[in-house]
Structure formats: structure tokens, C-alpha cells
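Enquirer: Right, I'll just put the structure down here and ask away after.
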Amino acid sequence: MTLDVRVRVTRGAFCLDVAVRVPAGTVLAVMGPNGSGKSTLLEAVAGLAPLTAGHVRLADDVLADVAAGRHVPPHERRLGVALQDGLLFGHLTARENVAFGPRAQGVRAGDARAAADALLADVGLAGLARTRADRLSGGQAQRVAVARAVAARPRALLLDEPFGALDAATRAPVRAVVRRAVATGLPALVVTHDLRDALELADHLLVLQDGREVQRGTPADVASAPATPYVEHVVAAAAWPGS
């Protein structure tokens with residue numbers, strides 16, 4: 001199931017104009033300085049940002065096509081989405097948040113709770129399953145958001161800075177959860193500011209600046225031959241051997 005995206009999104013003076021293709025079972029990491037269009041790209045794919053032009057296709061399903069006048073609402077796209085703010089239901093527990101998607105799809109309550117508990121254990125939050133989301137720390141909420149995105153049996157994953165508030169010890173199990181989900185045949189778009197996450201998780205890396213692509217390749221290839229001062233900076237920050 002390939003994710004095929006060719007979009008233009010205009011917001012005031014800013015214009016995102018980019019094309020990406022993410023084959024089934026692969027991760028495309030997206031990096032770039034603040035304001036480069038990373039989050040806008042994910043919002044466009046999720047149906048949260050209206051397109052000025054272009055299309056979003058998932059396998060043979062057209063999720064958006066400006067020329068054809070087609071726009072599938074976000075809740076009908078069956079995408080696993082975790083944005084930076086998490087958007088958890090604060091009055092629900094961590095378990096209830098993760099089980100929400102499967103329950104909405106008709107999964108039995110007991111089965112949805114069991115699956116949620118297993119995912120929470122995988123991301124190191126087994127002891128907080130009954131804690132309300134509004135009482136979680138930022139890093140804990142981030143892990144719940146990733147677990148919820150995976151639990152919903154999505155056709156693709158869209159993750160915006162899923163590791164930003166996590167330390168090294170907690171990043172590894174969350175990355176493992178994402179990789180296991182992708183290994184089932186999902187395409188994944190993952191926004192990150194940390195080259196180390198791209199090196200550990202992604203098959204390909206796209207670098208944006210001012211709404212345009214400035215470099216693309218495997219994470220190792222991009223790190224070995226930075227094309228812009230921004231890329232040089234993130235390579236140095238990651239202590240990449242070639243920097």
C-alpha cells in the first residue's frame with residue numbers, strides 16, 4: 001500500500017509545494033528548520049490542511065484530488081495520526097485513549113482493552129494504563145499518542161515529532177513499536193528534528209526548507225553529504241562520524 005502525495009498548500013505568504021512517495025513497509029522521515037512545512041505536509045495528508053493543488057492517494061484510494069474536486073474527511077481516511085500536541089482525550093485514561101480507535105471500529109471492549117494494555121506495555125507505560133491523560137507528563141502523553149495511532153489499525157502512519165519529548169531510554173521502545181507496525185506493510189511519514197531518529201528508524205529522508213525539497217536520500221547518504229547549512233548543523237548536532 002503506497003502513499004503517493006503531490007500537494008501544494010498555501011497559507012498566507014507561505015507555500016508548501018512537495019511530492020513524496022512512500023512505499024508499503026517503509027518510513028520516510030521529514031526534517032527541516034522551523035517553518036519549512038514539515039507539519040503542514042502531515043496535515044495535508046491527514047486532511048487537516050486544505051490543498052491548493054495536487055492529490056493524496058493511498059494505494060488505489062484517492063483521499064484528495066483538487067482537480068477532481070475530491071476530499072475525503074479526516075475521520076474517514078483511516079490513518080494513524082499523532083500530532084505534536086498529542087490531542088489525547090484528557091478525561092479518558094491512557095488505556096481508553098489507546099482503545100478508542102479499535103472500539104470505534106467495532107472491536108469488542110475486552111479485546112480493545114487488552115490490545116491497548118499490550119501497546120502501553122511496549123512503550124513503557126504499563127503502570128499508567130488507568131491514569132487520566134490530562135495527568136500525564138508531556139513525554140508520557142507522547143508515547144500514548146503513538147500507541148493510539150498504531151492501535152487504530154491504520155492504513156498509514158503520520159507521526160509529528162513522536163520522540164521530541166523522550167530521552168534515549170524511552171525512544172528505543174517507541175521506535176520499535178513504530179517499526180513493527182510498518183513491517184506489517186504500512187507506509188509511514190515521520191517528522192523529526194533529530195537526525196539520530198531518522199538514522200535509526202527511516203528508510204529515506206526528505207529535507208524541506210521554505211516549503212520546498214532541498215535534499216532527499218537515505219539518512220546515511222544525506223548525513224554524509226549535507227546539501228545545506230541546516231543539514232550540516234543537524235549532522236554536527238548528531239555527532240555523525242562524517243561531520
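Read the figures in this text as sums done on the coordinates, not as results from a lab. Quantities reported herein were computed from a predicted structural model and do not represent experimental measurements. Please note: Cβ atoms are built from the backbone with ideal geometry, for glycine as well, and neighbour counts cover all protein chains shown.
Enquirer: Between residue 111 and residue 228, 0.36 nm times their residue separation minus their Cα-Cα distance comes to what?
Expert: Working: separation 117, 0.36 × 117 = 42.12 nm, distance 4.88 nm.
Fully extending the segment from residue 111 to residue 228 adds 37.2 nm.
Enquirer: Quick one: what Rg and Dmax do you get for segment 1-108 from the alpha carbons, in Å?
Expert: Expressed in Å, the Cα Rg and Dmax of segment 1-108 come to 15.3, 48.
Enquirer: OK, next. Between the alpha-carbon centers of segment 86-139 and segment 1-73, tell me the distance in whole angstrom.
Expert: With segment 86-139 and segment 1-73 each reduced to a Cα centre, they are spaced 28 Å.
Enquirer: Under a 5 Å amide H to amide H cut-off, with H placed in plane at 1.01 Å, what residues pair with residue 11 once short-range neighbours are removed?
Expert: So residue 11 has HN proximity to 16.
Enquirer: Given 0.36 nm per residue, what is the gain on full extension from residue 71 to residue 236 after removing their alpha carbon distance, in nm?
Expert: Going from the current span to full extension adds 55.3 nm.
Enquirer: With r as the distance between the Cβ atoms of residue 13 and residue 118 and R0 = 51 Å, compute the FRET efficiency 1/(1 + (r/R0)^6) and round to 0.05. It would help to have the intermediate numbers written out before the result.
Expert: Values: r = 46 Å, r/R0 = 0.91.
Rounded to the nearest 0.05, the efficiency is 0.65.
Enquirer: Still on this structure, I have one more. Viscosity 1.306 mPa s, temperature 10 °C: give me the Stokes-Einstein translational D for the chain in µm²/s, with Rh taken as the Kirkwood radius over C-alpha pairs.
Expert: Working: Rh = 18.2 Å.
This corresponds to a translational diffusion coefficient of 87 µm²/s.
Enquirer: Can you figure out the FRET efficiency of residue 169 with residue 132, using R₀ = 22 Å and their beta-carbon distance, to the nearest 0.05?
Expert: On the way: r = 24 Å, r/R0 = 1.11.
It comes out at approximately 0.35.
Enquirer: Towards the positive end of the charge dipole of the chain, with charges on Cβ (+1 Lys, Arg; -1 Asp, Glu), say which of 192, 159, 207 has the farthest Cα.
Expert: Projecting each Cα onto the dipole axis, the largest value belongs to 159.
Enquirer: Out of every Cα-Cα pair in segment 88-153, what percent are more than 17 Å apart? Provide the component values of the computation, followed by the final result.
Expert: Values: 564 of 2145 pairs.
Across segment 88-153, Cα pairs with separations above 17 Å total 26 percent.
Enquirer: Where in segment 33-52 does the amide nitrogen come within less than 20 Å of the point 7 Å from the Cα of residue 214, taken along Cα to Cβ?
Expert: Under cut-off, by backbone N: 33-42.
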